[in-house]
1. How about the stretch 42-151: which GluC sites (Glu not before Pro) there are in a DSSP loop, with at most 15 other Cβ atoms within 10 Å of their Cβ?
2. Counting only helical runs of four or more DSSP H residues, what would the 222 nm mean residue ellipticity of the chain come to if each run contributes -39,500 (n - 2.57) and the total is spread over all its residues?
3. For the stretch 73-130, just say rounded, prolate or oblate: build the C-alpha gyration tensor, square-root its eigenvalues into a ≥ b ≥ c, call rounded for a/c under 1.5, and beyond that prolate if a/b exceeds b/c, oblate if not.
4. Given the Cα-Cα distance of Ala182 and Arg163 and 0.36 nm per residue of separation, how much length would full extension add, in nm?
5. Please sort through the DSSP H helices of the chain and keep those with an alpha-carbon extent of at least 20 Å along the long axis and a Kyte-Doolittle average not below 0.0.
6. I need to check one value: relative contact order of the stretch 72-126, counting alpha carbon pairs closer than 8 Å and at least 6 residues apart, in percent.
7. Could you pull out every residue, at least 5 positions away or on a different chain, whose amide H is within less than 5 Å of the one on Phe40? Hs are placed 1.01 Å off N in the peptide plane, and Pro or chain starts have none.
8. In whole Hz and in residue order, list the ³J(HN,Hα) couplings for the stretch 99-114 that follow from phi through the Karplus curve 6.51 cos²θ - 1.76 cosθ + 1.60, θ = phi - 60°; x for Gly and Pro.
Amino acid sequence: MRLLVVTEKCGPEDAQRDGGARLVATLRRAFGDALSIIQFGPCADASATWHRQYPSDCRDRFAARLDRASFIADEVAKVADDFTDVLFVHVSMQFGLPRLRARSWTFPMFLTPSYIASGESVPKPYTEAEKRALASTDRVLTPSHLERRQLVEVYGVPEGRIRVIPRGVSRELLRPRGRALAGRPLFCSVGTIKRQKNTVGLLELFAAVRTRHPGSALRLVGPVQDRAYGVQVDDAIRRLGLGAAVERLGYVPPAGIAA
């Protein structure tokens, strides 16, 4: 087995590390020398086998993904025949590719229904490109049962081609325990701050909780990965009058999250 991973996020700085970057790190540990990486985008990582800079830049990410499709397809086609399996970390990395001789695996990493649920406007050509890519891929892997339902109900992907593999939680870091509520409720949210995480919705929920439990506090653990959305989070804290009730810790290394 010889595997090619097609991705943008290969080894970003810790504060920008997300599910896609962690997935690539996991694949590298699991397959070692049998795995090669072709990385696209402005940030080159030394661990990538090949790096390709995009020929153009666009601020709108949906338009940018559509615009880059043929470039990614051409570059992947130059090396794909040397591999038995090609793994696409994000469905958009597959937009311009015809069916490959190698077996294709898709990690969708967010689809149109979830973008819409996050309040984003998705152009119809983008959704159509998703449908074409998902119709041509051999296997789809996702950590989300919700995304599995989207794949079947919205995109018509046969269930036999989909596998749900939850990311899970290390038992060494977090051990469940029963406890009674003593005093004011203290909440903690662990996750990057970007539109898909709906941090503003979390703040609105927390504000509703405080109407019943005025002393409640919320701690946000995670870096801001979308600066414009980070401004919306700050505005929501002021608008909802949460002020000192919300503590922002920013990025915390994985080993320190349990504490």
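1. Values: sites: Glu75, Glu120, Glu128, Glu130, Glu147; in loops: Glu120.
Counting only loop positions with at most 15 other Cβ atoms within 10 Å, the GluC sites (Glu not before Pro) in the stretch 42-151 are Glu120.
2. Numbers: 8 runs with 91 residues, N = 259.
Calculated at 222 nm, the ellipticity per residue is -10500 deg cm²/dmol.
3. Working: a/c = 3.49, a/b = 2.31, b/c = 1.51.
The shape class here is prolate.
4. Details: separation 19, 0.36 × 19 = 6.84 nm, distance 4.16 nm.
Stretched out fully, the Ala182 to Arg163 stretch lengthens by 2.7 nm.
5. On the way: long enough: 61-79 (26 Å, 0.14); 199-212 (21 Å, 0.85).
Span-like helices here: 61-79, 199-212.
6. Values: 50 pairs, mean separation 17.4, N = 55.
Normalised by residue count, the contact order of the stretch 72-126 is 32 percent.
7. Amide H neighbours of Phe40, under 5 Å, 5+ apart: Thr7, Glu8, Arg52.
8. With coefficients 6.51, -1.76 and 1.60, one gets 4, 8, 5, 6, 6, 9, 10, 10, 9, x, 6, 4, 10, 3, x, 6 Hz.
The values are calculated or read from the model by the stated rules, or taken from the named source; none is laboratory data. Computed from a prediction, not measured in an experiment: that's the story for all the values here. Every residue, glycine as well, gets a Cβ built from its backbone with ideal geometry; the counts of neighbours run over all protein chains shown. The area values use the complete protein model at the heavy-atom level, side chains included, leaving out ligands, DNA and RNA. Shrake-Rupley method; radii C 1.70, N 1.55, O 1.52, S 1.80 Å.
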